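**Q** Below you'll find the structure I mean.
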Amino acid sequence: GPRVTIETADGRQHACRLFGRRLRVVCGDVVRWVEAETEGAAGHVIAVEPRRSELARASANGLAEVIVANLDHLVAFLAPAPAPDFALCDRYLAAAEGAGLTAAVVLNKSDLSGAADPTVEVELATYRAIGYPAVATTKRSAHGVDALGALLRGRVSVLVGQSGVGKSSLT
């Protein structure tokens, strides 16, 4: 929509409106804005700076639709519940490769019994064998949280995965 929240270099957030019909902003964009008290907003976003990377998906009409910009890293989350969708994980990793991003795989909820399923272990070993870091984590005991932190530190990352795999819980 026409309303966005921007964060300035000092960490303050401002509600803004997009200025111009053709202006499109996605999460991660670096924008230029001007302060202006208007319709409940603190300012207008007037331009989007050139993006250093884009992660896109196919829209309903088959065109590329940018969903997030200026990333370094993609982290694909899996969990024993809901059942891991390795084909979806592969698509995320392929998208990362296509966008020039580094990527990693996280098996969250590793304390659940399904985490020890031999299929899960084989898939994680395969990801590691082809060069993707793969870590197991759980919020309950904080197991693997430090390893996840090391994967994220110093990078602009996007966390992707099925609904319910624990992306928000670990964040």
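The values are calculated or read from the model by the stated rules, or taken from the named source; none is laboratory data. What you are looking at is a predicted structure, and each value in this text was computed from that prediction instead of being measured. FYI the Cβ positions are ideal-geometry reconstructions off the backbone, even for glycines, and counts take in every protein chain you see. Just the protein is used for accessible areas: all its heavy atoms, side chains included, with ligands, DNA and RNA removed. Shrake-Rupley method; radii C 1.70, N 1.55, O 1.52, S 1.80 Å.
**Q** When residues of segment 106-136 are filtered for being in contact (Cβ under 8 Å) with a residue 40 or more places away in the chain and exposed (fewer than 13 other Cβ atoms within 10 Å of the Cβ), how many remain?
**A** Within segment 106-136, residues that are in contact (Cβ under 8 Å) with a residue 40 or more places away in the chain and exposed (fewer than 13 other Cβ atoms within 10 Å of the Cβ) number 0.
**Q** For residues in segment 37-96 being surrounded by 14 or more Cβ atoms within 10 Å (Cβ to Cβ) and among the basic types (Lys, Arg), which is nearest to the chain's Cα centre (by Cα)?
**A** Arg91
**Q** Can you list residue pairs whose Cβ atoms sit under 8 Å apart, with the first residue in segment 32-47 being free of Cβ contacts under 8 Å to residues at least 24 places away in the same chain and the second being in a strand (DSSP E or B) and open to solvent by 70 Å² or more (accessible area, probe 1.4 Å)? Count only pairs 6 or more apart in sequence or on different chains.
**A** What qualifies is Arg32/Ile46; Val34/Ile46.
**Q** Pull out all pairs, ordered by first then second residue, where Cβ-Cβ is under 8 Å, the residues are six or more apart or on different chains, the first lies in segment 61-73 and is within 16 Å of Ala94 (Cα to Cα) and free of Cβ contacts under 8 Å to residues at least 12 places away in the same chain, and the second is open to solvent by 70 Å² or more (accessible area, probe 1.4 Å) and assigned to a loop (DSSP other than H, G, I, E, B).
**A** Short answer, once both residue conditions are applied: none.
**Q** Which of the numbered conditions does Phe19 fail, given that it passes all the others? Conditions: (1) open to solvent by 90 Å² or more (accessible area, probe 1.4 Å); (2) within 22 Å of Val158 (Cα to Cα).
**A** Tallying (1) open to solvent by 90 Å² or more (accessible area, probe 1.4 Å); (2) within 22 Å of Val158 (Cα to Cα), Phe19 fails exactly one: (2).
**Q** Arg140 - would you say it is under 30 Å from Leu18 (Cβ atoms), open to solvent by 60 Å² or more (accessible area, probe 1.4 Å) and either in contact with a Cys (Cβ under 9 Å, 6 or more places away or on another chain) or in contact (Cβ under 8 Å) with a residue 12 or more places away in the chain (or both)? Before you say what the answer is, go through the steps one by one.
**A** Working: under 30 Å from Leu18 (Cβ atoms): no; open to solvent by 60 Å² or more (accessible area, probe 1.4 Å): yes; either in contact with a Cys (Cβ under 9 Å, 6 or more places away or on another chain) or in contact (Cβ under 8 Å) with a residue 12 or more places away in the chain (or both): yes.
So Arg140 fails the test.
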